[in-house]
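Visitor: One structure, as structure tokens, below. Some questions next.
The values are calculated or read from the model by the stated rules, or taken from the named source; none is laboratory data. Just so it is clear, the structure is predicted and the values come from calculations on it, not from any experiment. Don't worry about glycine lacking a Cβ; one is built from the backbone with ideal geometry, like all the others, and counts go over all protein chains shown.
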Amino acid sequence: MAAAGRFLQPLLRTFSAQTRQLSAAAHGETHQAARTWKILSFVVALPAVGVCMLNTYLKMQHHSHDRPEFIAYPHLQIRSKPFPWGDGNHSLFHNSHVNALPTGYEGGEH
């Protein structure tokens, strides 16, 4: 055990010295990398978010707000056990205009 400690101690000192040298050299590179990412954030990321917002707004203007036709697919009518909230038939984020129940839309046609 003591022999292993005597053997590993010089290796650890060498490794520690190399790590400090690399750390000092990398400090300038780290500053440059941070500056590069900051520039990319303002020049690429923010305009990309703006373009996505514009695209979403324009698509929303042309979107039809009519309900899709209800088709009673058998795999959509499976309820092995009721949901643990409400009446057990509505999903957690149920929207009566868009989400149909197994028997059809609620409240008839709008």
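Visitor: Could you check how many residues of the stretch 74-92 are exposed (fewer than 10 other Cβ atoms within 10 Å of the Cβ) and within 16 Å of Thr103 (Cβ to Cβ)? Working first, answer last.
Guide: From the stretch 74-92, those exposed (fewer than 10 other Cβ atoms within 10 Å of the Cβ) are 74-75, 78, 80-81, 84, 87, 92; that's our starting set.
Filter once more, so that each one left must be within 16 Å of Thr103 (Cβ to Cβ): 74-75, 78, 87.
Summing the residues that are exposed (fewer than 10 other Cβ atoms within 10 Å of the Cβ) and within 16 Å of Thr103 (Cβ to Cβ) in the stretch 74-92 gives 4.
Visitor: Just one of the numbered conditions (1) surrounded by 10 or more Cβ atoms within 10 Å (Cβ to Cβ); (2) at positive phi is not true of Gly107; which one?
Guide: (1)
Visitor: Just one of Leu40, Leu54, Leu46 is closer than 30 Å to His97 by Cα, at pLDDT 90 or above and not polar (S, T, N, Q); which is it? Full working, then the answer.
Guide: Working: Leu40 fails: closer than 30 Å to His97 by Cα; Leu46 fails: closer than 30 Å to His97 by Cα.
None of the other options fit; the residue is Leu54.
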